[in-house]
Amino acid sequence: MSETLGTLEELPQEYRDEMTKAGVAPLWPMMRNVLPHDKPDAVSKSHLWKYDTVRPLLMQAGELTPVEKAERRVLVLSDPGRGNGAMQATASLYAGLQLLLPGETAPAHKHTPSAARIIVEGKGAYTVVEGEKLPMSEGDLILTPGGTWHDHGHEGDEAVVWLDVLDLPLFYYLEGSYAVEAEIQAQRNRPDASQVEYRAAGIVPARRRQNVISKFPMMRFPWDRTKAALQELAAYGGGDAVEVDFVNPETGESPLPVMGFTALMIRPGETVKPPLRSSSAVFHIISGSGRTVMNGEVMDWNAKDTFSVPVFAKMEHSAGDEPAFLIYAHDIPLQEKLGYYEERTR
């Protein structure tokens, strides 16, 4: 294996000038930039966004900018490795905190990236996806798959905030990111699928051959059911980390093509040590408090905080005096489709 590769400066200037004119460049001086040994050289850096710090700025945005002039009133959580204003929290995941005030509506549109919403605070708001009205409660996970029409409305009397997570960086890199606008959708006069077809785990509507199953049959995962599932696992499970994956109830696969979602419960006095993973992630704390030590950096977090995780990060999570509940979005489905997802022992 080559240890030291030739540099650009070792080449004659005349030769370099001719390459520039021809629109070519030598690979060997740049090879280690794109193919480093053993593991990637991550540009992304971990970061903890404290909700108590961001929330006042978000509320002020509600006073300064009406939703009509913003379309989506969001404060983007920028990866510090790429600098403030970066439209990504990790290499593949965009994250932002969105505010909707009582009586407001965010117009209907559809876009190529898929999105997920984790409801942070408030009640009375909803998202409509392809005519299906999805009420928002704290901790709920709501999906808007790429190419689906969606809009937001608010029938309550208090501010509602949610965390948006999108696979936007991937589509932007591929030059495939765009949106189309439309009028507010007509709502179907029935509860959403999480309350009807997919109310209980392991049970789906009876199918006949002529029935066509939607690619995205369930787009709201109520937090009360997720929390109850975690608590049951904690009560009767072993010593492993208490986690549940959100899945498509018809296939058991990830509910979105290239993003996955997992809920984690950390018991008091417990330290969770995940393996080193090739995936990146965005963690959101639903309730509780605790600490994450990531690559030697200490992050003390509370309910409603959010933090990012770069690839192959060494992490330890611990909770305070009460159980802590978190949801994290990750790009494992993308990496599995590309055939390179990896876990390493610590």
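Which pairs turn up if I take residues in segment 11-28 that are assigned to a helix (DSSP H, G or I) and look for partners that are small (G, A, S) and open to solvent by less than 100 Å² (accessible area, probe 1.4 Å) with beta carbon separation below 8 Å, at least 6 apart in sequence or on another chain?
Hits for this filter: M19/A25.
For segment 1-46, give me each residue that is of a type in the set (K, R) and more than 30 Å from S78 (Cβ to Cβ).
Passing the criteria: R16, K21.
Report, by residue number, each residue of segment 34-75 that is touching a Gly at 6+ places or on another chain (Cβ under 9 Å) and more than 27 Å from G296 (Cβ to Cβ).
Result: R72, R73, V74, L75.
Might you let me know whether segment 19-34 holds any residue that is within 30 Å of G96 (Cβ to Cβ) and either open to solvent by less than 70 Å² (accessible area, probe 1.4 Å) or of a type in the set (V, I, T) (or both)?
Among the residues of segment 19-34, at least one is within 30 Å of G96 (Cβ to Cβ) and either open to solvent by less than 70 Å² (accessible area, probe 1.4 Å) or of a type in the set (V, I, T) (or both), which makes the answer yes.
Quick one: D300 ticks every box in (1) open to solvent by less than 50 Å² (accessible area, probe 1.4 Å); (2) in contact with a Lys or Arg (Cβ under 6 Å, 6 or more places away or on another chain) except a single one, so which number is it?
Looking at each condition in turn, D300 falls short on (1).
Could you go through segment 178-196 and let me know if any residue there is open to solvent by 40 Å² or more (accessible area, probe 1.4 Å) and within 19 Å of V247 (Cα to Cα).
Taking every residue of segment 178-196 in turn, at least one turns out to be open to solvent by 40 Å² or more (accessible area, probe 1.4 Å) and within 19 Å of V247 (Cα to Cα).
This table checks each residue for (1) closer than 24 Å to T144 by Cα; (2) among the polar types (S, T, N, Q).
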{"residue": "T251", "(1), (2)": "yes, yes"}
{"residue": "G260", "(1), (2)": "yes, no"}
{"residue": "L276", "(1), (2)": "no, no"}
{"residue": "I286", "(1), (2)": "yes, no"}
{"residue": "V293", "(1), (2)": "no, no"}
{"residue": "V298", "(1), (2)": "no, no"}
{"residue": "E336", "(1), (2)": "yes, no"}
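Any idea which of (1) at pLDDT 95 or above; (2) not in a loop (DSSP other than H, G, I, E, B) is the one E68 doesn't satisfy?
Evaluating E68 over (1) at pLDDT 95 or above; (2) not in a loop (DSSP other than H, G, I, E, B) leaves (1) as the failure.
Among (1) closer than 15 Å to P268 by Cβ; (2) in a loop (DSSP other than H, G, I, E, B); (3) of a type in the set (S, T, Y), which single condition is S318 missing?
Every condition holds for S318 apart from (2).
Determine, yes or no, whether T112 is in contact with a strand residue (DSSP E or B) (Cβ under 6 Å, 6 or more places away or on another chain) and modelled with pLDDT of 95 or more.
So T112 does not fit the description; no.
Of the conditions (1) open to solvent by less than 60 Å² (accessible area, probe 1.4 Å); (2) modelled with pLDDT under 95; (3) not in a strand (DSSP E or B), P169 satisfies every one except a single condition; which number is it?
(2)
Cβ-Cβ under 8 Å, sequence separation 6+ or interchain: first residue in segment 146-160 and among the aromatic types (F, W, Y), partner assigned to a strand (DSSP E or B) and open to solvent by 40 Å² or more (accessible area, probe 1.4 Å). Which pairs?
Here the result reads W149/K110; W149/A182, each pair linking segment 146-160 to a residue that is assigned to a strand (DSSP E or B) and open to solvent by 40 Å² or more (accessible area, probe 1.4 Å).
Inside segment 112-134, can you point out the residues that are within 21 Å of A329 (Cβ to Cβ), in contact (Cβ under 8 Å) with a residue 40 or more places away in the chain and either in contact with a Lys or Arg (Cβ under 9 Å, 6 or more places away or on another chain) or open to solvent by less than 30 Å² (accessible area, probe 1.4 Å) (or both)?
P113, S114, A115, A116, R117, I118, I119, V120, E121, V129, L134, listed by residue number.
Any residue in segment 39-54 that's part of a helix (DSSP H, G or I) and open to solvent by less than 60 Å² (accessible area, probe 1.4 Å): show its pairings with residues that are modelled with pLDDT of 95 or more and among the polar types (S, T, N, Q) at Cβ separation under 8 Å, as long as the two are six or more apart or on different chains.
From segment 39-54, the pairs are Y51/N302; Y51/T306.
Out of (1) open to solvent by 30 Å² or more (accessible area, probe 1.4 Å); (2) assigned to a loop (DSSP other than H, G, I, E, B); (3) out of contact with any Pro (no Cβ under 7 Å at 6 or more places or on another chain); (4) more than 17 Å from L143 (Cα to Cα), the odd one out for Q88 is which?
If we test Q88 against (1) open to solvent by 30 Å² or more (accessible area, probe 1.4 Å); (2) assigned to a loop (DSSP other than H, G, I, E, B); (3) out of contact with any Pro (no Cβ under 7 Å at 6 or more places or on another chain); (4) more than 17 Å from L143 (Cα to Cα), just (3) comes out false.
What is the residue count in segment 56-88 for residues that are within 19 Å of the chain's Cα centre (by Cα) and under 20 Å from H109 (Cα atoms)?
Number satisfying all stated conditions: 6.
The values are calculated or read from the model by the stated rules, or taken from the named source; none is laboratory data. Small disclaimer: the values here were computed from a predicted structure and weren't measured. Cβ: placed from backbone, ideal geometry, glycine included. Neighbour counts: every protein chain shown. We work out accessible area using only protein heavy atoms, side chains counted, and drop any ligands, DNA or RNA first. Shrake-Rupley method; radii C 1.70, N 1.55, O 1.52, S 1.80 Å.
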